[in-house]
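To keep things clear, I will list the structure first and then write my remarks on it.
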Amino acid sequence: MQPDLHSREHAVRTLKQFRTLSPLTHCMTNDVVQSFTANTLLALGASPAMVIEPEEARQFAALASALLINVGTLTQPRARAMRTAVEQANSAKTPWTLDPVAVGALEYRRRFCFELLTLKPAAVRGNASEILALAGEDASGRGVDATDAVATALPAAQILARQTGAIVVVTGEVDYVTDGERTLSVTGGDPLMTKVVGTGCALSAVVAASCALPGNRIENIASACGWMKQAGRIARKTCHGPGSFIPAFLDALYTLETEVAA
Amino acid sequence: MQPDLHSREHAVRTLKQFRTLSPLTHCMTNDVVQSFTANTLLALGASPAMVIEPEEARQFAALASALLINVGTLTQPRARAMRTAVEQANSAKTPWTLDPVAVGALEYRRRFCFELLTLKPAAVRGNASEILALAGEDASGRGVDATDAVATALPAAQILARQTGAIVVVTGEVDYVTDGERTLSVTGGDPLMTKVVGTGCALSAVVAASCALPGNRIENIASACGWMKQAGRIARKTCHGPGSFIPAFLDALYTLETEVAA
Amino acid sequence: MQPDLHSREHAVRTLKQFRTLSPLTHCMTNDVVQSFTANTLLALGASPAMVIEPEEARQFAALASALLINVGTLTQPRARAMRTAVEQANSAKTPWTLDPVAVGALEYRRRFCFELLTLKPAAVRGNASEILALAGEDASGRGVDATDAVATALPAAQILARQTGAIVVVTGEVDYVTDGERTLSVTGGDPLMTKVVGTGCALSAVVAASCALPGNRIENIASACGWMKQAGRIARKTCHGPGSFIPAFLDALYTLETEVAA
């Protein structure tokens, strides 16, 4: 199955919908990227909310339009709250997305992620190492770095998608979005994005939020990947390094609509 | 009671005092905005300190010039530490400020905030939805968004101030600062501030710190609101979106003294 | 013992090594500076990973090239995880570094830091107040501010180094790096660095990562201090305040190699 190139026109239309809908996105994410994740969602027009106490997470997962579970700085109390939120999201038919940060390297989160995979995520977003690890292949994960080229992980992503029913997104130089049958590819971005903490985690939040959109989910998620890659490409042109990339990237997301159309 | 316009001259004088005093501000705030809150306080010349372990929070609340309680990512252990810190702050006559983030939407923090309101905060700072919820009115809170126009919430703010003895600050396009009798209004700012996470939370920290100043508290708090709105207006002029707004805003706070005087 | 001036040539050579080795740096640090710390390490070419759950921290401390323990927002569960990670780091001969944030002011972390000092850190990095407090002298600590001039703390740093076997780094206008016998001084930087939260904490992370380099540890650590001071000096020239200092500083770290050589 040759991946199809993702449609830029769809990305533009979908972004307009996204800004109008402004999905209320419940983020249970790691301590390192909370601010960048919230600012990314705000710049794109979504409404982020970080709610982590178990009782509140349960209540909020039902109110929210989408839920993100990111295990980057997992703790046992956080895992309990996440499990509760996922169960409630499923009851309320709120789509939820898993970001299995560094799952290849660490046993505790590996067990937790395998448990979560049985709870029917709408989407899973990871780098090549993480997706390989979730598919049960040896990923020789080294923290959050993607040491495996993304194309190598595509078959694993397709298997994982068929096993779980989730849309699986494996990201890197090229992003692949697959339901196990159809696969879309998204190009663009810039290597400097790997020198800023949280670009992958923020993408997972945007993927999660895009699951609240009506229409074809695989195309909507590919659009979400496209927005981020497009903003990365734009930011790269004006920045002087990874520090100035951050504000330039958020500015680019905020002004993206016309840029994508151009 | 028609609100009085806040005095720019008082804001300039108060900022000079604030920079000289450099209030040691104990922030017990949410995980999303810690860095931005600390940088905001530093840019204005205050000394922020984030101390959260119950024993330490108790000890530090007595050493500090002011205490901030922000319930944005409340957990049960954090709630216990906050309660301890508030009790100690009261014993030591350290003024403390409550930011009831998203209190309208979530039961657990609602109960906690109502409990805290009985412990005599010096100030409460929230958006319209939050202040309406604290005053017992239906706010249809949707996470941290302020879905109610700020003017609608002014009567609720005045009632809440009279009930609790706190200065109540309800912020939005216009900020209102009230003790239930007298009300000051503060204009300025920019809508882009709502596209950056933490501007409201950081304002609460500045409000908290301003409670350490000598003189008229309602005027001092209105000054604090004025500094933030002024910096927002300045930053808007040079930035290209919400990303570049953040550094521009901190720069503006840092160089504010002459700008306000101008 | 007159301190020797740190060698710029060594700093340039060491940075090249550092970027090639890309030390996997396990950061157990405070909630306020996580993102800035990760971005600082990434800009310099290291691989940061924030892992905090006790079982995971134990596992990761053995995989990592270096470990940082920063007590800025210590809690009891975090202290337990840190203790576990330090023990495992020692078993695996992973060098670990202690940042005793605000240790002079708060009893709970004081006891914890004294306990950690018996577990043979490779390095300790603090400001004058913190190093004085660890050496058992009255530091009249006021949160994280360094109220004592750094030169005053040098004898205490030398005593602490001899007592613990650690390289002790006391930082401020000038940084001193000492093993108790030999002392290197590092000049540069800019006072604006004190108006941005996390520059000290990020330096500790870079010091921790530099302990993974081969060669002379005291010189490697002085190089790490030198990179940060150099980047601070460069960033100061182009920024307009503490807000724009942050991206400029990260950009400067990222492009530092040629700058130091110049």
Item to check | Residue tally, condition closer than 18 Å to B:Arg125 by Cα and either at the interface with another protein chain (Cβ under 7 Å from one of its Cβ atoms) or hydrophobic (A, V, I, L, M, F, W, C) (or both), over the range B:49-71 | outcome: 5
Next on the checklist: Can you find, within the range A:200-229, the residue that is farthest from A:Ala166 (Cα to Cα) among those that are crowded, with 23+ Cβ neighbours inside 10 Å and polar (S, T, N, Q)?
Outcome noted: A:Ser223
Checklist entry - Can you name the residue in the range C:105-145 that is within 14 Å of another protein chain (Cβ to nearest Cβ), over 13 Å from C:Val168 (Cα atoms) and in contact with a strand residue (DSSP E or B) (Cβ under 8 Å, 6 or more places away or on another chain) and, of all such residues, is modelled with the highest pLDDT? => result C:Cys113
Next on the checklist: Need the failing condition index for A:Thr238 against (1) within 11 Å of another protein chain (Cβ to nearest Cβ); (2) within 23 Å of B:Thr194 (Cα to Cα); (3) of a type outside the set (Asp, Glu), just the number.
Outcome noted: (2)
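Kindly indicate whether A:Gly241 is under 25 Å from B:Ala235 (Cα atoms) and touching a Pro at 6+ places or on another chain (Cβ under 9 Å). Write out each step before concluding.
Numbers: under 25 Å from B:Ala235 (Cα atoms): yes; touching a Pro at 6+ places or on another chain (Cβ under 9 Å): yes.
For A:Gly241, the condition - under 25 Å from B:Ala235 (Cα atoms) and touching a Pro at 6+ places or on another chain (Cβ under 9 Å) - is met.
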Next on the checklist: Given (1) modelled with pLDDT of 95 or more; (2) surrounded by 23 or more Cβ atoms within 10 Å (Cβ to Cβ); (3) outside any strand (DSSP E or B); (4) within 17 Å of the chain's Cα centre (by Cα), identify the lone condition not met by A:Leu67.
Outcome noted: (3)
Checklist entry - How many residues are in contact (Cβ under 8 Å) with a residue 12 or more places away in the chain, at the interface with chain C (Cβ under 10 Å from one of its Cβ atoms) and not acidic (Asp, Glu) when one looks only at the range B:241-255? => result 8
Next on the checklist: Looking at A:Thr75, A:Thr29, A:Thr118 in this structure, which one is in contact with a helix residue (DSSP H, G or I) (Cβ under 9 Å, 6 or more places away or on another chain), more than 26 Å from A:Gly215 (Cα to Cα) and surrounded by fewer than 20 Cβ atoms within 10 Å (Cβ to Cβ)?
Outcome noted: A:Thr75
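Looking only at the range C:46-59, which residues are in a strand (DSSP E or B) and in contact (Cβ under 8 Å) with a residue 40 or more places away in the chain?
Residues of the range C:46-59 in a strand (DSSP E or B): C:47-49.
Scanning the range C:46-59 gives a single hit, C:Pro48.
Please tell me if A:Asp190 is surrounded by fewer than 24 Cβ atoms within 10 Å (Cβ to Cβ) and within 13 Å of chain C (Cβ to nearest Cβ).
Judged against the criteria, A:Asp190 is not a match.
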Checklist entry - Given the conditions (1) touching an Asp or Glu at 6+ places or on another chain (Cβ under 9 Å); (2) crowded, with 24+ Cβ neighbours inside 10 Å; (3) not charged (D, E, K, R), and given that B:Thr171 satisfies all but one, which numbered condition is not satisfied? => result (1)
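Could we say that A:Arg19 is over 16 Å from the mean Cα position of the chain (by Cα), surrounded by fewer than 24 Cβ atoms within 10 Å (Cβ to Cβ) and either of a type outside the set (D, E, K, R) or over 27 Å from B:Pro247 (Cα atoms) (or both) here?
Numbers: over 16 Å from the mean Cα position of the chain (by Cα): yes; surrounded by fewer than 24 Cβ atoms within 10 Å (Cβ to Cβ): yes; either of a type outside the set (D, E, K, R) or over 27 Å from B:Pro247 (Cα atoms) (or both): no.
So A:Arg19 fails the test.
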Next on the checklist: Pull out all pairs, ordered by first then second residue, where Cβ-Cβ is under 7 Å, the residues are six or more apart or on different chains, the first lies in the range A:148-161 and is buried (at least 18 other Cβ atoms within 10 Å of the Cβ), and the second is aromatic (Phe, Trp, Tyr).
Outcome noted: A:Val150/A:Tyr176; A:Leu154/A:Tyr176; A:Ala157/A:Tyr176
Checklist entry - Between residues in the range C:17-45 that are at the interface with chain A (Cβ under 8 Å from one of its Cβ atoms) and residues that are modelled with pLDDT of 95 or more and assigned to a helix (DSSP H, G or I), which pairs lie under 6 Å by C-beta distance while being six or more apart or on different chains? => result C:Asp31/B:Gln34; C:Asn39/C:Leu250; C:Leu42/A:Lys195; C:Ala43/A:Pro242; C:Ala43/C:Leu250; C:Ala43/C:Leu253; C:Ala43/C:Tyr254
Checklist outcome for this item: Within the range B:82-93, restricting to residues that are crowded, with 23+ Cβ neighbours inside 10 Å and of a type in the set (Gly, Ala, Ser), the one that is nearest to the other protein chains (Cβ to nearest Cβ) is B:Ala85
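The values are calculated or read from the model by the stated rules, or taken from the named source; none is laboratory data. Quantities reported herein were computed from a predicted structural model and do not represent experimental measurements. Counting neighbours? That spans all protein chains shown, and the Cβs are built from the backbone with ideal geometry, glycine included.
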